[in-house]
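Asker: Questions regarding the structure given below will be posed in turn.
The values are calculated or read from the model by the stated rules, or taken from the named source; none is laboratory data. Everything numeric here is computed off the predicted structure, so don't read it as measured data. So basically every Cβ, Gly included, is an ideal-geometry build from the backbone, and we count neighbours across all protein chains shown. We work out accessible area using only protein heavy atoms, side chains counted, and drop any ligands, DNA or RNA first. Shrake-Rupley method; radii C 1.70, N 1.55, O 1.52, S 1.80 Å.
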Amino acid sequence: MGMNSNDSPTKKARRTRTHPVKAALRHDVVTAFTKSTGLLARLPGESRPRLRDRESAIADFFATALIVLVLCHAPIVSASSPPDETVLIPAGEFFMGSPEDGSSFDDERPQRKVFVGSFRLHRHEVTNARYKRFTDETGHRTPSHEKPALTLWLNGEPFPGSEHHPVVNVSWDDALAYCRWLGMRLPTEAEWEKAARGTDGRRYPWGNEWDPHLANSASYWADRTIEFKDGGEWKAFWMTGDGARIARERGLNGEVLTLPVGSFPEGASPYGLLDMAGNVSEWVQDWYEPYSYLQAPLSDPPGPDGRLLKVVRGGSWLKPARNLRTSDRDYGSPTDRATGIGFRCAQDVW
């Protein structure tokens with residue numbers, strides 16, 4: 001199994017959504033629209049049209065306008081695709097970070113009560129099928145990896161059978177471009193954590209007890225709880241051990257063990273969001289600084305100023321149990337296009 005940056009498990013020391021319209025209505029469409037409303041009517045023997053009955057003409061006009069608006073703005077989505085829906089996360093305080101409990105890392109502390117305003121977040125991670133609509137309509141580059149064996153798109157198409165898996169091999173800038181195409185944005189780190197754990201400070205999206213069968217992680221594939229003490233143990237599992245064998249037998253391209261989004265409905269967060277633990281880690285808006293919690297604002301923290309690393313959240317199919325906690329923080333270079341990183345989008349609520 002090939003390695004790539006940011007796939008190592010070791011801890012490293014408001015607007016409503018709009019859908020893009022391809023082009024304005026052509027002149028002949030406008031003309032047909034005007035004629036279909038019947039606003040102008042020609043009587044026998046007259047060379048010029050006269051206005052129809054005012055009330056019936058206005059009624060016809062608005063009925064036709066409604067039809068045109070629906071046809072122009074309705075997104076074309078396969079009926080078999082997971083719905084690209086968003087979930088409202090209400091405003092309020094929540095516990096962000098972790099106490100010193102034996103499993104948390106230094107960069108998760110101190111735990112604080114943080115206020116986050118209301119926002120909406122995609123219920124699912126962005127899939128290959130949805131990302132393909134974006135690349136087809138915009139000409140944006142398709143997902144790729146520097147190692148061909150780890151690239152899951154071939155000739156501009158997702159690997160066969162992966163259409164409803166979360167898109168990977170995308171950089172932070174790719175994720176941001178997709179969200180902006182939808183009129184959305186990446187969530188902040190604080191928004192992401194609140195959506196994952198709710199207001200009761202739970203350790204995992206589903207509660208406080210670890211269950212390897214509620215998320216796509218190394219533990220799920222091994223059918224036992226997996227923890228790695230260091231990078232050596234991770235390599236032993238994924239390069240030569242059970243993980244490598246399972247990836248060869250069951251992985252996409254014999255390498256990548258993502259699953260269709262929403263495969264673990266019992267692992268949903270308190271707000272009904274799916275795959276907030278496992279499957280793929282997710283890019284968020286914030287720059288990463290290891291001790292940013294010490295001085296971060298307690299209301300809608302925007303994240304620290306930074307230039308080098310971006311935060312990724314949630315853990316992935318490659319990660320041990322410890323990295324699937326809702327408070328766990330990881331990071332990557334904004335240019336990373338790893339097999340374990342994807343994203344979902346947020347939108348403001350005014």
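Asker: Considering only residues of the stretch 246-269 that are farther than 30 Å from residue 87 by Cα and among the charged types (D, E, K, R), which is surrounded by the most Cβ atoms within 10 Å (Cβ to Cβ)? Quick ask: steps written out before the conclusion?
Answerer: Here is the first cut: in the stretch 246-269, the residues farther than 30 Å from residue 87 by Cα are 246-251, 253-255.
Still in the running and among the charged types (D, E, K, R): 248-250, 255.
Numbers: 248: 11, 249: 8, 250: 10, 255: 20.
Result: 255.
Asker: Among residues belonging to the stretch 113-132 that are out of contact with any Leu (no Cβ under 6 Å at 6 or more places or on another chain) and basic (Lys, Arg), point out the one that is surrounded by the most Cβ atoms within 10 Å (Cβ to Cβ).
Answerer: Taking the candidates together, the pick is 130.
Asker: Let me ask something else. Working carefully through the options 278, 243, 272, find the one that is crowded, with 17+ Cβ neighbours inside 10 Å and closer than 22 Å to residue 207 by Cα.
Answerer: 278
Asker: Output the helices (runs of 4 or more DSSP H) that fall wholly within the stretch 98-217 and possess 3 or more residues being among the hydrophobic types (A, V, I, L, M, F, W, C) and at pLDDT 95 or above, or say none.
Answerer: Hits in the stretch 98-217: 172-181, 189-197.
Asker: Does the stretch 254-262 contain any residue that is out of contact with any Leu (no Cβ under 9 Å at 6 or more places or on another chain), over 30 Å from residue 161 (Cβ atoms), modelled with pLDDT of 95 or more and not in a helix (DSSP H, G or I)?
Answerer: no
Asker: Something else about it: Considering each of 300, 336 in turn, give the residue that is open to solvent by 20 Å² or more (accessible area, probe 1.4 Å), on the phi > 0 side of the Ramachandran plot and modelled with pLDDT of 95 or more. First the steps, then the outcome.
Answerer: Numbers: 336 fails: on the phi > 0 side of the Ramachandran plot.
On inspection, the qualifying residue turns out to be 300.
Asker: Can you name every residue in the stretch 339-350 that is open to solvent by 10 Å² or more (accessible area, probe 1.4 Å) and in a loop (DSSP other than H, G, I, E, B)?
Answerer: 349, 350, listed by residue number.
Asker: Would you confirm whether any residue within the stretch 308-324 is among the small types (Gly, Ala, Ser), assigned to a loop (DSSP other than H, G, I, E, B) and open to solvent by 20 Å² or more (accessible area, probe 1.4 Å)?
Answerer: no
Asker: Where residues in the stretch 209-240 are surrounded by fewer than 16 Cβ atoms within 10 Å (Cβ to Cβ) and of a type in the set (Ser, Thr, Tyr), which of them is farthest from residue 159 (Cα to Cα)?
Answerer: It comes out as 225.
Asker: May I pose another question? Inspect the stretch 181-202 for any residue being closer than 12 Å to residue 276 by Cα, surrounded by fewer than 20 Cβ atoms within 10 Å (Cβ to Cβ) and not acidic (Asp, Glu) and give the result as yes or no.
Answerer: yes
Asker: Let me ask something additional. Considering only the stretch 120-143, state which residues are of a type outside the set (A, V, I, L, M) and under 17 Å from residue 281 (Cα atoms).
Answerer: 122, 123, 124, 125, 127, 128, 131, 143, listed by residue number.
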